[in-house]
Amino acid sequence: MKSKKQWLTAPGLLVLLVFAVAPLFIMLYYSFLSDSGAGFTLDNYKVFFQKSFYLSLTWSTIKNSIYVTLISLIIAYPLAYIMAKKLKGIKNIILILIIIPFFTNQLVRVYSWLIFLQDGGIFDAFLNSVSIIEGSLSLLYTRKAVIIGLVHAFFPYMVITIYLALEKVDNALLEASSSLGATKLETFRRITLPLSRPGILSGILLVFVPCLGTFVEPRILGGVNGTVIGTVIEDQFFEIYGWNFGASIAFILLAMVLISMNVLNYLGREK
Amino acid sequence: MKKKSILTMLLAIVLVFSLVGCGGNGGDTPSGEEKATLTVVNWKDYGSDDPDFIAAFEEEYNCKIVNLYMSSEEDLLTKLRTSSPGELDVCLPNCTILTTAINEGLLMEVDVSKLKNFDSLFERFQTQEDIWKDGKLYAVPFVWGSTAIAYNTDIIKEPPASMNSLFDPQYKGQIAFRDDYNDAVMAAAIVTGQDPNNPTDLNKIKAKLLEQKSLNRTYWKTGDEFSKLFAGNQIAIGMMWSGQAATMKQEGQPIAFVVPEDGAIGWVDNWGIVSGTENADLAHAFIDWMISKDFQYNWASTGGPAPVNQEAAEAIDPEYAISAAMDEESLNRLYFMEYRSDEVKRAWNELWTEVKATN
């Protein structure tokens, strides 16, 4: 019986092999191709590390992703906690509300933020009407706008993974903790938080990794300073058909992703 | 149990192959009649797929026109390279791939004697460098347009006289430059007094673009982004395409388009006949129709791009021609984009990336 069940993985593996692993190797091949057609070379990688603006761009992209991940975590954790531990009936409604943005096209979401954040837009008008500010915050076309847009796009992943982890935490453990004299804060710090760690780590992964590769939100919301490493890859492929250099940047990005995954795994291992 | 699993597998295999069969079946059903079919590769809604034209041409030449659409110039080049001989007849390359297509022998020589309208083309289009190779004609200009300056007439009263207005601090925060390495480098070359097609001092161009960066409200990439910015009063002036500016004006936006005195960027789409065609005569007749005075006049005066046919251009209402920047004066100010080698493209793109990446 066991072997028969393994056979069932074949379609999934085949899809992965044909549409993920094989293209990856094709890209790897391109990333070592010389632009002059003279066989294999490391030049595509060298260029990236020789020009300081590629490196500073990479660093600012990483910083952006870290901000987005941290803000998502701060917003998502309390929400997930309350959904998992405090609410009964309306829990599902909140879950649906969190998932709804996934049904909306990415461009529609970005353009909504554009209209929302622009000078004299809805956000400014609201803050003016309740006299919090006067004039405009001028949020649009800044790094802040990019981070707002990205948090909106990715924080649902964080909520869902943390929610699933917290839901598995046995309430009896929490009750035992408080009956043994632990304060609420202590219970949270020593029971809830450690038990939800797998959810937090996979949430971080699911937010941080795709954030590194985004280019639509930064370009539309970030204005002249909305260039990220994803933009450079996009420009290589679509503007000048620079497959070789584009592929090499994509692999540098992939290496960064793998490193961050390993770091997270290291942090997440059972002690 | 074992029998069942073998059965399932067989079923799966049958299913897969029946699907594959579906893919291969369509296409080559021969129609009873021997009517020549002219296959045209073009942009969607770009003249050759106009139903009135198709009906008239099919009746005149007792043939059938099939339009295939390209999604980019590179896509067209791929189609030309991979099609079997006779599959495609006519195509519409621009300067970015034309030279490559000619050098690779993908286009056949055009017989000028079969084009009675070729002589009515503006001189500059007849002598356009990239359509000729070794004294032989390989492509025929069709329409042209420009990338220049559009501005909000409610805010800016005086038409900008120079490309420098896009670099002018008095419009700080109201400019939308285009996020495109070619347009950026060419525009900055015009402003720094260099040949936009062969700039020699790229550092000067980079410095100029870096200086310009903070003056922008934002860079725009798609035409849709520009029209939203404009309609939302986020910008007052920007780099724009002649065609879209005309459309936006028709929609009632307070927009005007101008090719400044020191020049702007021009582009041309050219018809070519695909090597290996079995309908060379028909292809010549098609191209001749496309560059005829009547066709060019009708399309240009109903929102199409600017005509290459001088008689058609002169027949257009002068006021409309000026507002759509298809007048001769605008034409003579343009620097038409030329073919660029991969090295040049890479260098320009890297320059632009650096400008975009520098804070």
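Extending 7 Å from Cα along the Cβ direction at B:Thr222 and again at A:Asn128 yields two label points whose distance is 2.9 nm. Couplings for region B:253-266, taken from phi via the Karplus curve 6.51 cos²θ - 1.76 cosθ + 1.60 with θ = phi - 60°, read 6, x, 10, 10, 10, 9, 8, x, 4, 7, x, 7, 9, x Hz in order; Gly and Pro are left as x. In chain B, taking the dipole from charged Cβ atoms about the Cα centre, the farthest positive-side position among B:Thr78, B:Phe122, B:Phe53 is held by B:Thr78.
Peptide B:340-350 has a mean shielding of 4, counted as Cβ atoms of other protein chains within 10 Å of each residue's Cβ.
For chain B, the longest principal axis of the Cα atoms and the long axis of helix B:51-61 meet at an angle of about 60 degrees.
Averaging the sequence gap over all C-alpha pairs within less than 8 Å and six or more residues apart, then dividing by the number of residues, gives chain A a relative contact order of 26 percent.
Ellipsoid semi-axes for the protein assembly as shown, based on the Cα gyration tensor and the rule √(5λ), read 51, 35, 24 Å when sorted largest first. Each of the GluC sites (Glu not before Pro) that DSSP puts in a loop and that has at most 13 other Cβ atoms within 10 Å breaks chain A; the longest unbroken stretch is A:135-269. Here is the size of region A:39-269 from its Cα atoms: Rg then Dmax, 21.1, 71 Å. By the helix-only formula, in which each DSSP H run with n ≥ 4 contributes -39500 (n - 2.57) and the sum is divided by residues, the protein assembly as shown has a 222 nm mean residue ellipticity of -17000 deg cm²/dmol.
Net charge dipole, region B:189-339: roughly 980 debye, given to the nearest 20, about the Cα centre with Cβ charges of +1 for Lys and Arg and -1 for Asp and Glu.
In summary, the helical segments of chain A meeting the span-like criteria, namely a full DSSP H run, a Cα extent along the axis of 24 angstrom or more and a mean Kyte-Doolittle hydropathy of at least -1.0, are A:52-85, A:143-168, A:197-213, A:243-268.
For region A:21-139, relative contact order (Cα pairs under 8 Å, six or more residues apart, normalised by length) works out to 9 percent. For the pair A:Phe238 and A:Val18, the difference between a 0.36 nm per residue extended length and the Cα-Cα distance amounts to 76.8 nm. Residues A:Tyr30, A:Tyr241, B:Tyr171 in ascending order of nearby Cβ atoms (within 10 Å, fewest first): A:Tyr241, A:Tyr30, B:Tyr171.
When Rg and the Kirkwood Rh are both derived from Cα coordinates, the Rg/Rh ratio for chain B amounts to 1.06.
Projecting the Cα atoms of A:Gly149, A:Phe53, A:Gly268 onto the charge dipole of region A:39-269, computed from C-beta unit charges around the Cα centre, puts A:Gly268 farthest toward the positive end.
For region A:29-168, the fraction of alpha-carbon pairs lying more than 27 Å apart is 47 percent, rounded to a whole number. Positive end of the dipole of region A:64-153 (Cβ unit charges, origin at the Cα centre): among A:Phe126, A:Trp113, A:Ser65, the Cα lying farthest that way belongs to A:Ser65. For region B:250-336, relative contact order (Cα pairs under 8 Å, six or more residues apart, normalised by length) works out to 41 percent. Counting only Cβ charges, +1 for Lys and Arg and -1 for Asp and Glu, the dipole size of region A:39-269 around its Cα centre is about 740 debye.
Residues B:Thr247, B:Thr302 in ascending order of nearby Cβ atoms (within 10 Å, fewest first): B:Thr302, B:Thr247. Distances between placed amide hydrogens fall under 5 Å for B:Leu107 paired with B:Ser275, all partners being 5 or more residues away or on another chain.
Over chain A, with a Gaussian network built from C-alpha contacts below 10 Å, which listed residue (A:Leu180, A:Leu193, A:Leu254) shows the highest mean-square fluctuation? Result: A:Leu180 has the largest fluctuation of those listed. Of the GluC sites (Glu not before Pro) in region B:254-315, the ones in a loop by DSSP (not H, G, I, E or B) with at most 14 other beta carbons within 10 Å are B:Glu261, B:Glu278. Antiparallel beta bridges, as assigned by DSSP with both residues in chain B, represent about 60 percent of the total such bridges.
Computed from Cα positions, the angle between helix B:280-290 and the longest principal axis of chain B comes to roughly 30 degrees. Angle check, please: helix B:73-82 long axis (alpha carbons) against the longest principal axis of chain B (alpha carbons), in degrees 0 to 90, nearest 10. Taking Cα atoms only, the helix is inclined about 30 degrees. As a proxy for reagent exposure, ranking B:Arg178, A:Arg269, A:Arg190, A:Arg219 by other Cβ atoms within 10 Å from fewest up yields A:Arg269, A:Arg190, B:Arg178, A:Arg219.
Taking amide H positions as modeled 1.01 Å from N, with prolines and chain starts lacking one, the residues under 5 Å from B:Tyr219 and 5 or more places away or on another chain are A:Val224. Taking θ as phi - 60° and the Karplus parameters 6.51, -1.76 and 1.60, the scalar couplings of region B:140-157 work out to 10, x, 10, 9, 9, x, 9, 10, 9, 10, 10, 9, 7, 6, 6, 9, 10, 7 Hz in sequence order, x denoting glycine and proline. Once a ≥ b ≥ c are taken as the square roots of the eigenvalues of the Cα gyration tensor of region B:302-359, is the result rounded (a/c under 1.5), prolate (a/b larger than b/c) or oblate (a/b not larger than b/c)? Judged from the Cα gyration tensor, region B:302-359 comes out prolate (a/c at least 1.5, a/b above b/c).
For region B:220-359, the square roots of the Cα gyration tensor eigenvalues, ordered a ≥ b ≥ c, give a/c of at least 1.5 with a/b no greater than b/c, which places it in the oblate category. Under the convention that each Lys and Arg Cβ holds +1 and each Asp and Glu Cβ holds -1, the size of the dipole of region B:55-94 around its Cα centre is about 160 debye.
The numbers here are math on the coordinates, done by the rules we state, and not lab data. A quick note: this is a predicted structure, and the numbers were derived from the prediction, not measured. Reconstructed Cβ throughout: ideal geometry from the backbone, glycine too, with neighbour counts over all protein chains shown.
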